[in-house]
Amino acid sequence: MSIDVEPAAPAPQTPAEDTPPQVLPGPAGTPLPEDRFLNREVSWLDFNARVLALAHEPGAPLLERAKFLAIFASNLDEFFMVRVAGLKRRQSMGLGVRSSDGLGPRQQLARMTERARELATVHARCFLEQVRPALAEQGIRIVLWRDLPDAQRVPLHDYFRAQVFPVLTPLAVDPAHPFPYISGLSLNLAVLVRDPAAGTEHFARVKVPNNVKRFVLVGTVDGETTYLPLEELIGAHLQQLFPGLEVTAHHPFRVTRNADVEVEEDRDEDLLQALERELARRRFGPAVRLEVGEEMDDHVLDLLVRELEITDDDVVRVPGLLDLASLWQLYEVDRPDLKEEPFVPATHPRLAEGEKASDVFAALREGDVLVHHPYDSFATSVQRFIEQAAADPHVLAIKQTLYRTSGDSPIVDALIDAAEAGKQVVVLVEITARFDEQANIKWARALEKAGCHVVYGLVGLKTHCKTSLVVRQEKGQLRRYAHIGTGNYNPKTARVYEDLGLLTADPEVGADLTDLFNTLTGYSRQTEYRRLMVAPHGVRPGLVRRIEAEATHARAGRPSRIRLKANSIVDEAVIDALYGASRAGVPIELVVRGICALRPGVPGLSETISVRSIVGRFLEHSRVMVFGPAGDPGRTAEHWLGSADMMHRNLDRRVETLVRVKDPVVTGQIDAILDRATDPRTRHWELQPDGCWEQLPAAGEPFRDMQTDLMRRTNERGTGG
């Protein structure tokens, strides 16, 4: 299945990720080509195009298609708020770093925004021409005010007066009223009013309130439910906001602003206070995108462009409704026949004892446990591990990192319970996790109030690793239990993100995590570990060494292999090492959900490399890598999992952790996961040498859905989570 969107020509990286790579020699002394990297930003947009393709699936449940339209919209919002905004900021500061293909910031922005505009149009038309009519056929109608008969308008007049009118504030623009501040991602109406006495025309702005549901329920008749967009209801009643004036026109518009936060960490200031100050500034970041309806008057558009201090290139004309992220509201409609069947995770077999919860510590003393979310229940594995530690009188200490967690967090509650019970609890809260800053500040203060030792990590680095360490007294000795994962300690996202986690009582891993937490909370400068690779010092060189070791084996005629599953592969040093290994003949299989700057299948460069992306019901989020062939009696393959993607920010500006897995049962399970992901029959997108993505198996050919297969296996073994 494909959609009418062609990937744009390869374009450059933004300066944030833009370190012009060296041209490294190949095995025979020939240099690697200068055009060997695909553009980071366009690759991300191509990933979002794959998300959008899920909304075009005619056989998919209809509300699931609407959900993917909402996800696409949210993703594109963040792309403008962070990636486009970051490049615009650097351009305004005169940081004109050129990308590897020689384009400057202005040319880079043109490539990015052109591609984003193409996708935005396809997105809007998918809703207008496919999903919205299909919803109407299923009895879920989204109508305009002009489509409603008078009988249905009457109760809406009452609803407007009681629930909407009181929270509206029309803001005029004239010499006495300056152009109002337009908050980021807010939906607004640009209103033109005429004074009949003076014959003059004026502009006003009305903000569509975000604390009232976007789709107003008109009513349900004969099983058919009708919704009216809130801006349509307001537009029909604008005369009540401007008595004595004539409303001549109104047009919806939406502004996206720079929402990145940069905290100065070298001041003699509390990091919490500095972040709160920067969050207040975020609201007033410069505008980077203006979305308007197709029918907006040119003179109104000119006024908005001028007052928002943007250019015509920043304007996106959208057919139909703006802000389709609000389709999440429709997804909540009680129509199970239009959704995927609910999936309930199962308790991992090693952690189940009939109908009662097992002793996690006892299970780990018998061997490591690999949990695969969302198929293995987070609640009865990782969450139970921390809750049991909090309640166990033999546990002396819990050390934990928190990058993102849920609004109602059982993990935080367990840590608070542990501290109140007298245990030593150390929590590293990453308060600069983008768009979760406010929530993490709240958790940090709640944990401090309960008596936990709360730290915020290392200056200049985000702590992105997902680690938990429990110290327990057993028979007069201390024993350490640990969890290292690829996903956040968030029970809500654990139901929709595919992630891996290692639960272990291995002494080497416990010793390594003890050293790591000492580094995070104290002044230790340790960079070498027994079973861990830790960024920013150890992950890139550790991976490159192992890639080069496989190349050495291949050149010597010995079996070799590399398999890697990640969210993104952008780092030039890692990519160049993979190119070198491919030139040496190493078979390399990469499963990359999102951004990939590597060109696979290029003769003389990457002929042995394949890159595929799997996009589906669950977000493929795990990072796992295997170096060495399976079943080679001459050596043991190395299996690693953890939090790090192959990106500059992860390898240079974050604390990331990869752990080597040695338990043979667990390594076999990792191999099985990668076998499924790389099976030719598994439905996937294949990256071509020119940067285009092709969906395979081809249309009409039989295929397997990896996530559906894993859900089926889970249901066969029983639920519990």
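The values are calculated or read from the model by the stated rules, or taken from the named source; none is laboratory data. As the structure is a computational prediction, the values presented were derived from the model and not from experiment. Counting neighbours? That spans all protein chains shown, and the Cβs are built from the backbone with ideal geometry, glycine included. Heads up: the accessible areas ignore ligands, DNA and RNA and are worked out on the full protein's heavy atoms, side chains in. Shrake-Rupley method; radii C 1.70, N 1.55, O 1.52, S 1.80 Å.
Summary table
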{"read-out": "Tabulated pairs, segment 39-55, first free of Cβ contacts under 8 Å to residues at least 24 places away in the same chain, second part of a helix (DSSP H, G or I) and acidic (Asp, Glu), C-beta under 7 angstrom, 6+ apart or interchain", "value": "none"}
{"read-out": "Positions within segment 9-60 being modelled with pLDDT under 50 and touching a strand residue (DSSP E or B) at 6+ places or on another chain (Cβ under 6 Å), in sequence order", "value": "23, 25"}
{"read-out": "Pairs where the first residue, in segment 459-480, is aliphatic (A, V, I, L, M) and the second is in a strand (DSSP E or B) and open to solvent by 30 Å² or more (accessible area, probe 1.4 Å), C-beta under 6 Å, 6+ apart", "value": "469/399; 471/396; 471/478; 471/480"}
{"read-out": "Test: residue in segment 507-517 that is of a type in the set (Gly, Ala, Ser) and crowded, with 24+ Cβ neighbours inside 10 Å", "value": "no"}
{"read-out": "Residue within segment 363-372 that is modelled with pLDDT under 95 and either under 28 Å from residue 78 (Cα atoms) or touching a helix residue (DSSP H, G or I) at 6+ places or on another chain (Cβ under 9 Å) (or both) present", "value": "no"}
{"read-out": "Subset of segment 219-240 (residues that are modelled with pLDDT under 95 and not polar (S, T, N, Q))", "value": "219, 221, 222, 223, 224"}
{"read-out": "In segment 520-565, residue farthest from residue 400 (Cα to Cα) [restricted to those that are in contact (Cβ under 8 Å) with a residue 60 or more places away in the chain and of a type in the set (Ser, Thr, Tyr)]", "value": "560"}
{"read-out": "Residues of segment 478-493 satisfying the condition of being open to solvent by 10 Å² or more (accessible area, probe 1.4 Å) and among the aliphatic types (A, V, I, L, M)", "value": "478"}
{"read-out": "Verdict on residue 316 being β-branched (Val, Ile, Thr) and either without any contact (Cβ under 8 Å) to a residue 60 or more places away in the chain or within 30 Å of residue 106 (Cβ to Cβ) (or both)", "value": "yes"}
{"read-out": "Subset of segment 613-640 (residues that are more than 19 Å from the chain's Cα centre (by Cα) and not in a loop (DSSP other than H, G, I, E, B))", "value": "625, 626, 627, 638, 639, 640"}
{"read-out": "Any hit, segment 656-668, residues being closer than 13 Å to residue 614 by Cβ, at pLDDT 95 or above and surrounded by 15 or more Cβ atoms within 10 Å (Cβ to Cβ)", "value": "no"}
{"read-out": "Answer residue from segment 112-153, given it is open to solvent by less than 40 Å² (accessible area, probe 1.4 Å) and of a type in the set (Val, Ile, Thr) and is farthest from residue 237 (Cα to Cα) among those", "value": "113"}
{"read-out": "Matching residues in segment 306-324 - criterion: being assigned to a helix (DSSP H, G or I), in contact with a Ser or Thr (Cβ under 8 Å, 6 or more places away or on another chain) and open to solvent by less than 20 Å² (accessible area, probe 1.4 Å)", "value": "314"}
{"read-out": "Members of segment 309-351 that are of a type in the set (A, V, I, L, M) and over 20 Å from residue 228 (Cα atoms)", "value": "310, 315, 316, 338, 344, 346, 351"}
{"read-out": "Some residue of segment 387-400 being within 26 Å of the chain's Cα centre (by Cα), farther than 25 Å from residue 714 by Cα and surrounded by fewer than 18 Cβ atoms within 10 Å (Cβ to Cβ)", "value": "no"}
{"read-out": "Flag for residue 166 being out of contact with any strand residue (DSSP E or B) (no Cβ under 6 Å at 6 or more places or on another chain) and outside any strand (DSSP E or B)", "value": "yes"}
{"read-out": "Enumeration of residues in segment 438-471 that are open to solvent by 30 Å² or more (accessible area, probe 1.4 Å) and assigned to a strand (DSSP E or B)", "value": "453, 455, 462"}
{"read-out": "Output for segment 424-461, where each listed residue is at pLDDT 90 or above and of a type in the set (Lys, Arg)", "value": "449"}
{"read-out": "Subset of segment 574-607 (residues that are assigned to a helix (DSSP H, G or I) and hydroxyl-bearing (Ser, Thr, Tyr))", "value": "579, 582"}
{"read-out": "Test set (1) among the polar types (S, T, N, Q); (2) in contact (Cβ under 8 Å) with a residue 60 or more places away in the chain; (3) open to solvent by 20 Å² or more (accessible area, probe 1.4 Å) - residue 643 fails condition number", "value": "(3)"}
{"read-out": "Tally, over segment 206-223, of residues that are open to solvent by 70 Å² or more (accessible area, probe 1.4 Å) and either free of Cβ contacts under 8 Å to residues at least 24 places away in the same chain or under 17 Å from residue 134 (Cα atoms) (or both)", "value": "4"}
